[in-house]
């Protein structure tokens with residue numbers, strides 16, 4: 001599944017989540033992916049990272065531990081070990 005990263009989210013995208021937390025991306029609608037699918041993160045149409053889906057949460061199950069946001073979105077989580085930075089391969 002492709003995930004388009006906006007310019008406003010790009011800087012935060014590279015920040016590590018709090019210790020013991022998994023990173024996620026929130027969607028307004030149910031995402032077209034399943035556990036173990038590959039996520040390809042893109043910026044300006046170019047792949048910048050990839051990860052493997054570890055868990056999908058329905059709206060209302062949790063929110064961002066840092067900001068408290070995204071409670072009502074579908075959340076796609078990935079394990080940090082599956083995250084691969086592709087920027088050097090692309091740029």
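Read the figures in this text as sums done on the coordinates, not as results from a lab. Computed from a predicted model, the values in this text were never measured in an experiment. Here Cβ is always computed from backbone atoms with ideal geometry, including for glycine, and neighbour counts include all displayed protein chains.
Quick rundown of the values:
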| read-out | value |
| --- | --- |
| Average Cα contact separation per residue, the chain, under 8 Å, 6 or more apart, as relative contact order % | 32 percent |
| Top of 22, 74, 14 by mean-square fluctuation, Gaussian network on the chain, Cα under 10 Å | 14 |
| Label point distance in nm, residue 79-residue 2, each placed 7 Å from Cα along Cα→Cβ | 2.8 nm |
| Most mobile of 81, 19, 61 in a GNM of the chain (Cα contacts under 10 Å) | 19 |
| Contour excess over end-to-end distance, with Cα ends at residue 29 and residue 71 and 0.36 nm allotted per residue | 13.8 nm |
| Net lengthening on full extension, residue 14/residue 57 (0.36 nm per residue, minus Cα-Cα) | 13.3 nm |
| Shape call, region 15-66: gyration tensor on alpha carbons, a/c limit 1.5 | oblate |
| 222 nm mean residue ellipticity, helices alone, for the chain (DSSP H n ≥ 4; -39,500 (n - 2.57); rounded to 500) | -2500 deg cm²/dmol |
| Selected from 28, 42, 55 as most flexible by GNM, with the chain as the system and alpha-carbon contacts under 10 Å | 28 |
| Proxy reagent accessibility, fewest Cβ within 10 Å first, across 72, 1 | 72, 1 |
